[in-house]
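To start, the structure under review is shown below, and the notes come after it.
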Amino acid sequence: MLTSLIPTTAPNEFALDVRHGLLKTGQKELPSKYFYDATGSALFEVICQLPEYGLTRAEERLLSHHAKEIVDILPGPVVVAELGSGTGKKTRFVLEALCERQPTSYHPIELSASALAMCERELRDINCISIVGFETEYLNGLLEVAARRKEGEHLLVLFLGSTIGNFDGEASIAFLKRLRSILWEGDALLLAADLEKPVERLVAAYDDALGVTAAFNRNLLARINRELGADFDLAQFAHLAIYNEQTRSMEMHLRAQSNQVVSIPQAGLQVALGLGETIWTETSHKYSRNELLWMASQTGFRCEAQWLDQEWPFVDSLWIAQS
Ligand code: AVJ
């Protein structure tokens, strides 16, 4: 794969974000986008196979059954941009359906170099797809893709896996508006969203029996140790997965099991944590189908179709950019 490196993120961005999140008064936080270094990306792949974590299989069922229907809605030729490529396994169905029609360019956009590499290994055997990846933030990458498209080509943006749920309510609307502003009228967004379901099912999905999600969560501290020279003692942090009824979101936290002081030299920081205090590491919002229709209408899109998985309530929606 021809991977374009667009150095839009300052090299010390990670250090600055860690510093900012851990200096917050009240709830300390770390951004979930930093889960996906090589170790975190590998752990996430395992999460996708856990019996408790139904999201990935739900989306695989949806895309394997409906890919042809989805691409038939779009007038060709189509250029595909994917925000957060993951391994590309689910994307295969969409790309193969497009290939039936004509050769197609595919642009995975991913902050994580290891995820980009995984995606190219997974998809390189598909004939008549040319892959050019961008190692950058989602909307920076999308701007690059949009700037390269030719007259008459429509963009299809894939935002799969329910990654949109990692933004809190206001941030997700702001993000979708910015995304819309990069598109032309008639361009499409295939947006995946995990739906509300019984709390026990959700908690099990984020606190699996094998402890893989706990390792995924703690790896964020391990990454800070590796990359910023910090001295987090991982054994002193418990994995917490709780459902927040107010925001209708799964939250992951890391809870300090003792009073402690951690130093993070490359973020210029010493942090004191009290016994029981948590660092909030992820929000994963759970949607209703009406909420998704409302979000489309607020952000300059029309929802053209929704495909629903019954086994694990989850939807893929096709949104079309409106004037
Ligand atoms: C990849 C963001 C969709 O929120 O469910 C999996 C990440 N976190 N287990 C999600 C995740 C804990 C996942 N997304």
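Brief remarks follow.
- Dipole magnitude of the chain about its Cα centre (Cβ charges: Lys, Arg +1; Asp, Glu -1), debye to nearest 20: 280
- Rg and Dmax, both from the Cα atoms of the range 169-323 and both in Å, are 19.4, 55.
- With all pairs of different C-alpha atoms in the average, the Kirkwood value for the hydrodynamic radius of the range 15-169 is 16.8 Å.
- Cα long-axis angle, helix 289-298 against the chain (0 to 90 degrees, to the nearest 10): 80
- Centroid-to-centroid separation of the range 192-227 and the range 231-251 [C-alpha atoms, Å]: 8
- Spatially close Lys pairs in the chain, defined by Cα atoms under 22 Å apart and a spacing of eight or more places or different chains, total 10.
- Normalised by 2.2 N^0.38 Å, where N is the number of residues, the alpha-carbon radius of gyration of the range 179-235 equals 1.83.
- Cα Rg, Dmax (largest Cα-Cα span) when computed across the chain, Å: 19.8, 61
- Scoring 148-160, 97-109 by mean Cβ neighbours within 10 Å over their residues and listing the highest first yields 97-109, 148-160.
- Between the helical axis of 38-47 and the longest alpha-carbon principal axis of the chain there is an angle of about 70 degrees.
- Neighbourhood charge, 10 Å Cβ-Cβ cut-off, centred on GLU277 and excluding it, Lys, Arg +1 and Asp, Glu -1: +2
- Taking all Cα pairs closer than 8 Å and separated by 6 or more residues, the relative contact order of the range 170-323 comes to 30 percent.
- Estimated vicinal HN-Hα couplings, Hz - the range 124-135 in sequence order (Karplus 6.51, -1.76, 1.60; Gly, Pro = x): 5, 7, 6, 5, 6, 10, 9, 9, 10, x, 10, 8
- Rounded to 5, the percent of DSSP beta bridges in the chain classed as antiparallel: 60
- Degrees separating the helix 113-123 axis from the principal Cα axis of the chain, which is the longest one: 40
- Ratio Rg/Rh, restricted to the range 9-93 and using Cα atoms, in which Rh is the Kirkwood radius: 1.11
- The range 69-228 - percent relative contact order, Cα under 8 Å, separation 6 or more: 22
- Using C-alpha pairs under 8 Å with a sequence gap of at least 6, the mean separation divided by the residue count of the chain gives a relative contact order of 21 percent.
- Hull volume per residue, based on the alpha-carbon atoms of the range 241-323 and their convex hull, is 169 Å³.
- Rotationally averaged projected area of the range 57-100 (alpha carbon convex hull; nm²): 3.2
- Taking the charge dipole of the chain about its Cα centre, with +1 at Lys and Arg Cβ atoms and -1 at Asp and Glu Cβ atoms, the residue from CYS303, GLN270, TRP280 reaching farthest to the positive side is GLN270.
- Per-bin percent of Cα-Cα distances, the range 93-169 [10 Å]: 16, 48, 32, 4
Readers should treat all values here as calculations from the given coordinates under stated rules, not as data from a laboratory. Note that the structure is a prediction, hence the values are computed from the model and not measured. Note that we place each Cβ from the backbone using ideal geometry, even for glycine, and neighbour counts take in every protein chain shown.
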